[in-house]
Amino acid sequence: MPILETQDLTYVYGTGTPFEKTAVDHMSLQIEEGELVGVIGHTGSGKSTLVQQLNGLLRPTSGKVLLKGKDIWAEPKKIRAIRFQVGMVFQYPEHQLFEETVEKDIAFGPKNMGLSEGEIKERVKMAAAFAGLKEDLLQASPFEISGGEKRRAAIAMDPEVLILDEPTAGLDPRGRDVLLSQIVNYHRQKHNTVLLVSHSMEDIARIADRVLVIDNGKVAMFEKTRKVFSQGARLAEMGLRVPQITRIMTTLKEKGYPVSSGVLTV
């Protein structure tokens with residue numbers, strides 16, 4: 001059984017107004033437990049609208065989102081509990097930090113789940129370690145730490161499904177590499193399901209097991225990473241590109257050099 005599934009999922013903004021727009025259009029897909037899925041698509045393709053429905057931030061206009069086989073909107077009063085199972089980290093996640101200390105920010109989720117003080121402390125300790133945050137940072141204000149540390153603090157949670165919407169936006173190359181490494185380490189050690197929404201084809205190629213390509217609110221492709229990026233012409237038609245190194249190797253092969261066009265990373 002997939003951990004997450006959408007069935008004929010549709011979301012329409014401004015229903016019944018002159019500004020009506022279908023952002024997610026009859027989308028059906030399955031995400032297996034423990035996968036690291038990359039989500040790509042041009043600006044306005046429906047990526048963010050899709051992932052905000054996966055954890056109940058947006059209620060579908062029609063269709064269903066299933067978490068471990070159960071409709072997350074079957075009991076609307078329990079939708080808040082779904083958000084602890086399917087965690088969302090938005091673009092510029094440091095804007096989600098609001099407590100006096102980093103420790104209190106990380107503890108906010110477990111505290112609201114009704115866990116005991118001992119369980120909360122243990123969760124905070126484990127989450128901070130997974131996020132690569134040094135212990136002395138836990139008592140610091142979230143506004144006193146670096147940009148990269150803020151990002152790591154914001155992803156220091158332990159949901160069954162972690163959704164990251166452009167988590168590396170605005171980071172320098174070193175900060176981006178550190179954060180991606182933390183995401184990969186988190187996934188390897190916890191075996192939780194991770195969805196990474198990104199405009200960086202290099203980041204997706206580097207860490208994703210499968211890639212979901214969205215075009216005009218529909219599933220255009222949902223395949224293994226190498227298979228998706230082997231279809232450069234089709235991606236280009238959707239306003240997307242393959243990783244730079246893949247583009248170089250494809251060009252060399254077209255010119256007769258004996259190289260593989262399936263190279264994804266340097």
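The values are calculated or read from the model by the stated rules, or taken from the named source; none is laboratory data. Treat the numbers as computed from the prediction; the structure is a model and nothing was measured. Ideal geometry is used to build each Cβ from the backbone, glycine not excepted, and the neighbour counts take in all protein chains shown. Areas reflect the complete protein model, heavy atoms only, side chains present, ligands, DNA and RNA absent. Shrake-Rupley method; radii C 1.70, N 1.55, O 1.52, S 1.80 Å.
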Taking the range 16-43 as the region of interest, how many residues are at negative phi and either among the charged types (D, E, K, R) or open to solvent by 90 Å² or more (accessible area, probe 1.4 Å) (or both)?
9
Test LYS77 against the criterion of being modelled with pLDDT of 95 or more, of a type in the set (Lys, Arg) and surrounded by fewer than 18 Cβ atoms within 10 Å (Cβ to Cβ), and give yes or no.
no
Return the residues of the range 234-266 that are in contact (Cβ under 8 Å) with a residue 60 or more places away in the chain and either of a type in the set (A, V, I, L, M) or open to solvent by 80 Å² or more (accessible area, probe 1.4 Å) (or both); say none if nothing qualifies.
MET238, LEU240
Could you list, in sequence order, all residues of the range 100-109 that are open to solvent by less than 60 Å² (accessible area, probe 1.4 Å) and at pLDDT 70 or above?
THR101, VAL102, ASP105, ILE106, ALA107
Would you point out the residue of the range 126-144, among those that are surrounded by 13 or more Cβ atoms within 10 Å (Cβ to Cβ) and part of a helix (DSSP H, G or I), that is modelled with the lowest pLDDT?
PHE130
Does VAL219 satisfy the criteria of being farther than 30 Å from ALA127 by Cβ, at pLDDT 95 or above and not in a helix (DSSP H, G or I)?
yes
Given the options PRO258, PRO167, name the one that is farther than 30 Å from LEU137 by Cβ, modelled with pLDDT under 95 and part of a loop (DSSP other than H, G, I, E, B).
PRO258
